[in-house]
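Below: the structure, in structure tokens.
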Amino acid sequence: MLLVKTDLQSFANLHVSERTNLENNFMVASDDELTKLYKDTVNDGNNCTLVTVIPTADANILDEDNRRFRNNLIFMIIKKTDAKAGSDHRIDVFQLCQEEILALTNKIIDLHHNFNQNCLFRDIDLNSIRIDPVQDYLGANGFALEFSVYTILQKNQAI
């Protein structure tokens with residue numbers, strides 16, 4: 001399984017530090033948790049929020065020597081949206097978030113193609129990549145990126 005703190009949180013924090021339109025990053029396991037964390041976020045100007053959802057993992061054990069997990073990841077780029085501002089404002093928010101989700105997607109694919117042995121996205125299932133719009137979610141709009149990454153479970157690793 002992907003390690004929540006050393007793998008995902010480190011990657012997300014680094015990505016936010018590299019992007020001028022990302023002001024913060026929340027790592028959550030549920031909508032309730034994000035509701036509490038995101039309620040005081042303003043997202044002024046072109047600021048957006050990266051949400052990293054703690055992944056689920058499906059066993060993919062082919063035989064005794066091939067123990068793997070299929071980690072199902074979701075990243076969202078969202079921005080608070082003023083419902084009274086009209087459809088032009090909403091489309092501008094989607095445009096900004098679309099640019100950020102595409103930058104994140106390209107970064108992940110580039111890391112996959114230029115991986116080293118410890119790369120988080122070395123064994124990504126490129127055909128699993130999916131981007132969906134996120135509308136009126138906690139007062140925000142944006143996009144969600146979903147994909148799967150395989151990790152190896154070592155025989156002596158605790159489950």
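The values are calculated or read from the model by the stated rules, or taken from the named source; none is laboratory data. Everything numeric in this text was worked out from a predicted model, so none of it was measured. Here Cβ is always computed from backbone atoms with ideal geometry, including for glycine, and neighbour counts include all displayed protein chains. Quick note on the areas: whole protein, heavy atoms, side chains included, nothing else; ligands and nucleic acids left out. Shrake-Rupley method; radii C 1.70, N 1.55, O 1.52, S 1.80 Å.
Looking only at the stretch 35-65, filter to residues that are aliphatic (A, V, I, L, M) and over 14 Å from Asn141 (Cα atoms); which one of those is farthest from the chain's Cα centre (by Cα)?
Leu62
From the residues in the stretch 123-147 that are closer than 20 Å to Gln95 by Cβ and acidic (Asp, Glu), which one is nearest to the chain's Cα centre (by Cα)?
Asp132
Being assigned to a loop (DSSP other than H, G, I, E, B), more than 20 Å from Asn24 (Cβ to Cβ) and more than 20 Å from the chain's Cα centre (by Cα) is the filter here, so list the residues in the stretch 82-122 that pass it.
Within the stretch 82-122, Gly86, Asn116, Gln117 meet the criteria.
Looking at Ala29, Ala12, Ala59, which is the one that is farther than 26 Å from Phe115 by Cα and among the small types (Gly, Ala, Ser)?
Ala29
Suppose we filter Thr105, Thr81 for residues that are open to solvent by less than 40 Å² (accessible area, probe 1.4 Å) and more than 30 Å from Tyr150 (Cα to Cα); which single one remains?
Checking each option against the conditions leaves just Thr81.
Regarding Glu99, is this residue modelled with pLDDT under 95 and either open to solvent by 50 Å² or more (accessible area, probe 1.4 Å) or acidic (Asp, Glu) (or both)?
Answer is no for this residue.
Return the only residue of Glu18, Glu33, Glu23 being more than 22 Å from Pro133 (Cα to Cα), at pLDDT 95 or above and open to solvent by 60 Å² or more (accessible area, probe 1.4 Å).
Within the list Glu18, Glu33, Glu23, the selection yields Glu18.
Specify which of the listed residues (Asp92, Asp65) is exposed (fewer than 14 other Cβ atoms within 10 Å of the Cβ), of a type in the set (Asp, Glu) and free of Cβ contacts under 8 Å to residues at least 60 places away in the same chain.
Asp65
State yes or no: is Asp136 out of contact with any Phe, Trp or Tyr (no Cβ under 9 Å at 6 or more places or on another chain), at pLDDT 95 or above and either within 24 Å of Asn24 (Cα to Cα) or among the β-branched types (Val, Ile, Thr) (or both)?
no
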